[in-house]
1. How would Ser34, Ser78, Ser101 line up by accessible area, probe 1.4 Å, largest first?
2. Just subtract the alpha-carbon distance of Ile53 and Phe79 from 0.36 nm times their residue separation and send over the number in nm, one decimal.
Amino acid sequence: MKKILLFAIIFSILLWACNKEEILLTENIQLTFSTDTLRFDTVFTELGSATRILKVYNNENQRIRLGRIAIESSSGISFRMNVDGIAGKEVLNVEIPANDSLYIF
């Protein structure tokens, strides 16, 4: 009987201690950026080595999820990006913790 009571108490404490973190998915989120414009010289002979850094800040008190981060380029121009370690021309479902930021290279 004591074991069942002890198990019930521990199980209740574990359920109470679990804190599900909410994710904001609204379009009204106010992100801030380290810069508003990135410029590149498009006269590259082969593969350009110019790197620009953009930092995206989440000033909300909750985690947010960005559905899509992508490079929208003109035809014939090829750029690459890295979003917090994920490389590609498009990165999906990137989360930024509350009051944190992410880097885009």
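1. Listed by decreasing accessible area, they come as Ser78, Ser34, Ser101.
2. Stretched fully, the Ile53-Phe79 segment lengthens by 8.0 nm.
The values are calculated or read from the model by the stated rules, or taken from the named source; none is laboratory data. Keep in mind that what you see is a predicted model, and the values were worked out from it rather than measured. Accessible surface is based on the protein model in full, side chains and every heavy atom, while ligands, DNA and RNA are left aside. Shrake-Rupley method; radii C 1.70, N 1.55, O 1.52, S 1.80 Å.
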